[in-house]
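Enquirer: One structure coming up, written as structure tokens, with questions to follow.
The values are calculated or read from the model by the stated rules, or taken from the named source; none is laboratory data. This structure is a prediction, so every number in the text was calculated from the model and none was measured. Counting neighbours? That spans all protein chains shown, and the Cβs are built from the backbone with ideal geometry, glycine included.
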Number of protein chains: 2
Amino acid sequence: MNTIRVEQSGAFVERFSIPPTGDGVLNGLRFAVKDLVDVAGRRTGCGNPTRLETNPPAVVSAVCVDQLLAAGAQCEGKTVTDELAFSLLGINHFYGTPLNPAAPERVPGGSSSGSASAVACGLVDFAIGTDTGGSVRVPASNCGIWGWRPTYGVVSVAGVMPLAPMFDTVGILARSADVLRRAAAVLLADAKPQAAATPATIHVVSEAFDTADAEVRDALRPAVEFVERVFDIRVQRTSLDELCGDVSAADWNSWRDMYRRLVGAEALSCHGAWLASERPPLGPITESGFKHAESLDRSRLAEVIGRRERYCRHLRRALGPRDLLCLPTAPSVAPLKDMVSLDRNSDYYRLTVAFNAIAGVGRLPQVSMPLATASSAPIGLSLIGAYGEDALLLYAVDRIENSRSSG
Amino acid sequence: MNTIRVEQSGAFVERFSIPPTGDGVLNGLRFAVKDLVDVAGRRTGCGNPTRLETNPPAVVSAVCVDQLLAAGAQCEGKTVTDELAFSLLGINHFYGTPLNPAAPERVPGGSSSGSASAVACGLVDFAIGTDTGGSVRVPASNCGIWGWRPTYGVVSVAGVMPLAPMFDTVGILARSADVLRRAAAVLLADAKPQAAATPATIHVVSEAFDTADAEVRDALRPAVEFVERVFDIRVQRTSLDELCGDVSAADWNSWRDMYRRLVGAEALSCHGAWLASERPPLGPITESGFKHAESLDRSRLAEVIGRRERYCRHLRRALGPRDLLCLPTAPSVAPLKDMVSLDRNSDYYRLTVAFNAIAGVGRLPQVSMPLATASSAPIGLSLIGAYGEDALLLYAVDRIENSRSSG
């Protein structure tokens, strides 16, 4: 893939260069930071011009940025984000749509749109993204790169704009599984990953493959078979109601409804006062997200929080430390830019939210791997790991990439 | 205990009455909310007058407040907090020191000082607190009430001022274990707590008892023996280096250093920009906390984050789902108001931070139980549960209280 010029990519809101503060496993690597994450001395814009104006400049960088700088990486700038991180499309009303170089006629996906674009365009080696409901995984899938959402709570979110603290995480997008694993290891600060461990069982999530577009299913079939060969184990089809101990989990509406209501309730808690006092202009997708959040009956959150905890608890019991789930990152390839619906109720949006809710609800780590294409566009195959088993997951993913290049 | 008048308590920053929004297990109970937590239509002051002025009014209540209202409880007002929740003493430079009715000459402890005071004074049945490094547990211990810090990440912190997101939790202070368990069950939204389970092993943390003041050790010995009789199991002495798989864990300086550096780094990420742009007057304890945070070398966080994850991982392996740790909530009874040191390097402060860092570092739930007194002041005995086993822990605590009243 040829390198694309910065101006063509539309990936950055600001370019600058911060040298590393230490030596380490990221020596010589360049990274970009989603503009939802503080960099010392700069205003964090969060994809909204009013926010950019009213946010005072950061005095220190977010902890995650400092970790990467200390491990030898150089920071190259801040990247476009979907407004307030509240969309999976990669379209920002004010700052435009970063280029998806793998499928230029399609959206890059969001909300870490600029981070995915900067990596896919070859402008940086990796980038910081945030992932509440798919914001690292979906753009990784759309742009044909590697994306990691960590186990909930293991990477510092201090200095990062919250959207829904129940689900918010800081993750990494990278051009190779090797760089992904190294950058993730720095954020995890885990001195002894169990590098030798191999997956025990890989559960293919049957509902996800059954629901995905036929072209996605067909494109991913060889990828799943490849994963089987790499680890010399047979994957087994498992349904979500078994994994979650609840028949409702076989219905994607349950996941989407649960995720949407919880994120809506928390997002309004995080941003409602600011929206009401500043009355900032918002793009249509963001506006519709907060409209929905305002319409929620907050006295009826108990059922949905309870369902989340029930699913999470069962998933935790169902997955041994070396077990993985396998599913398409999204049900379809990225929408075409000139045909994309901004409606959160479109089939594409609903199912993409639902697929990506599994790791969020379960507090589980997930990696999207660029192992296939359909309609000449990338589509990611995802592996979800057990709680806290990010190191094993990233090692498995690295082995898959190595086997591909040597195979 | 006689009820104390509101004005005498100094517990509230604002009194009002919000009726319940639903019917449930908290019908008829009244609660107060720490002024770090949003209540719709009101400004959240966070214990700092500039913050109170510059924070726009909340448009919705924090998710945790809405959960309690929906379960039948009535909200009675907002309570004093240590400034920006950044102290364990219960002394607020601007809003005073709420009354500790169980030991009026001593500090109530903080940062959930007003919540503890309101409960201990009999003004409400329970109160919302927040706990980053002991801010629920220490005031519960000082004031002779029950206090619960949840498993990290299971109770929504949306609409709650962050101090250090790596450790921040929302917890409950209550006058009885029964009320504590019921309010906690609402926040946990866990339909099926394993109510029948009893503890398998109770590990008495040897370093904590060895380090505590002699009067605390003597006062808690019968309480530990009582817990043994309730569950008909023998407790076993276990050292922190065994539990954490690292000799450094036997040294309280390791816990205190780790906690203090991580909270300092995250607190500066959360509040540094606001402090630099608003230049608000701060009380001396808060000032010293941020001075220390500013002095940290952020390029050297990797070691301390790594140590935290190592300890956490070992603790998780060492504790089975039905195992508990047992230790004094604090090494001493609450300091006398006219002799208290505001120095974070005092022995009392250092050790109190260190004792309370265990649950924080391990992401584990903890309950402080008012089972003893020394020098005519309360001192709490704490139980720490396994990750996610809040329901079992709260049930065990409830059984202890029941056995006491019937015994």
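Enquirer: In the stretch A:18-42, how many are among the acidic types (Asp, Glu) and either more than 13 Å from every other protein chain (Cβ to nearest Cβ) or surrounded by fewer than 20 Cβ atoms within 10 Å (Cβ to Cβ) (or both)?
Expert: 2
Enquirer: With (1) modelled with pLDDT under 95; (2) part of a helix (DSSP H, G or I); (3) touching a Ser or Thr at 6+ places or on another chain (Cβ under 7 Å) as the list, and A:ARG344 as the residue in question, which single condition is left unmet?
Expert: (2)
Enquirer: If you don't mind, there's one more thing I want to ask. Can you tell me which of B:ALA71, B:ALA118 is more than 22 Å from B:LEU188 (Cβ to Cβ) and either modelled with pLDDT of 95 or more or in contact with a Cys (Cβ under 8 Å, 6 or more places away or on another chain) (or both)?
Expert: None of the other options fit; the residue is B:ALA118.
Enquirer: State all residues of the stretch A:1-57 that are among the β-branched types (Val, Ile, Thr) and at pLDDT below 95; if no residue qualifies, say none.
Expert: Residues satisfying the conditions are A:THR3, A:ILE4, A:VAL6, A:THR54.
Enquirer: Only helices (runs of 4 or more DSSP H) wholly contained in the stretch A:207-279 count here; list those with 3 or more residues that are of a type in the set (A, V, I, L, M) and more than 11 Å from chain B (Cβ to nearest Cβ).
Expert: Qualifying helices (runs of 4 or more DSSP H): A:214-231.
Table: residues versus (1) more than 25 Å from B:GLY320 (Cβ to Cβ); (2) surrounded by fewer than 24 Cβ atoms within 10 Å (Cβ to Cβ); (3) touching a helix residue (DSSP H, G or I) at 6+ places or on another chain (Cβ under 8 Å); (4) within 14 Å of chain B (Cβ to nearest Cβ).
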site: A:GLU303; (1), (2), (3), (4): yes, yes, no, yes
site: A:GLU309; (1), (2), (3), (4): no, yes, yes, yes
site: A:ALA318; (1), (2), (3), (4): no, yes, yes, no
site: A:PRO331; (1), (2), (3), (4): yes, yes, yes, no
site: A:PHE355; (1), (2), (3), (4): yes, no, yes, no
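Enquirer: Something else about it: Please verify whether the stretch B:74-90 includes one or more residues that are touching a strand residue (DSSP E or B) at 6+ places or on another chain (Cβ under 6 Å) and of a type in the set (Ser, Thr, Tyr).
Expert: Yes, there is a match, as at least one residue in the stretch B:74-90 is touching a strand residue (DSSP E or B) at 6+ places or on another chain (Cβ under 6 Å) and of a type in the set (Ser, Thr, Tyr).
Enquirer: How about the stretch A:360-371: which of its residues are in contact with a Lys or Arg (Cβ under 9 Å, 6 or more places away or on another chain) and surrounded by 24 or more Cβ atoms within 10 Å (Cβ to Cβ)?
Expert: Correct list: A:GLY360, A:VAL361, A:GLY362, A:LEU364, A:PRO365, A:GLN366, A:VAL367, A:SER368.
Enquirer: Let me ask something additional. Kindly establish whether A:ARG229 is closer than 30 Å to A:ILE400 by Cβ and either touching a Ser or Thr at 6+ places or on another chain (Cβ under 7 Å) or surrounded by fewer than 17 Cβ atoms within 10 Å (Cβ to Cβ) (or both).
Expert: It is true that A:ARG229 is closer than 30 Å to A:ILE400 by Cβ and either touching a Ser or Thr at 6+ places or on another chain (Cβ under 7 Å) or surrounded by fewer than 17 Cβ atoms within 10 Å (Cβ to Cβ) (or both).
Enquirer: If I ask for residues that are among the acidic types (Asp, Glu) and in a helix (DSSP H, G or I), which ones from the stretch B:280-316 would you list?
Expert: B:GLU287, B:GLU294, B:GLU303, B:GLU309
Enquirer: Run down A:LEU173, A:LEU163, A:LEU187 and say which single residue is crowded, with 24+ Cβ neighbours inside 10 Å, assigned to a loop (DSSP other than H, G, I, E, B) and either more than 11 Å from chain B (Cβ to nearest Cβ) or not polar (S, T, N, Q) (or both).
Expert: A:LEU163
Enquirer: Going through the stretch B:348-381 one residue at a time, which ones are assigned to a strand (DSSP E or B) and farther than 30 Å from B:GLU309 by Cβ?
Expert: The answer is B:PRO370, B:LEU371, B:ALA372, B:THR373, B:ALA374, B:ALA377, B:PRO378, B:ILE379.
Enquirer: Same structure again: Testing A:GLY45 on (1) crowded, with 23+ Cβ neighbours inside 10 Å; (2) over 18 Å from A:LEU163 (Cβ atoms); (3) free of Cβ contacts under 8 Å to residues at least 40 places away in the same chain, one condition comes back false. Which one is that?
Expert: Status for A:GLY45: all satisfied but (2).
Enquirer: Oh, and also: Tally the residues that are in a loop (DSSP other than H, G, I, E, B), surrounded by 24 or more Cβ atoms within 10 Å (Cβ to Cβ) and not hydrophobic (A, V, I, L, M, F, W, C), restricting the search to the stretch B:102-124.
Expert: Here the count works out to 5.
Enquirer: Only one of these conditions is not met by B:ALA354: (1) under 21 Å from the mean Cα position of the chain (by Cα); (2) at pLDDT below 95. Which number is it?
Expert: So the condition that B:ALA354 fails would be (2).
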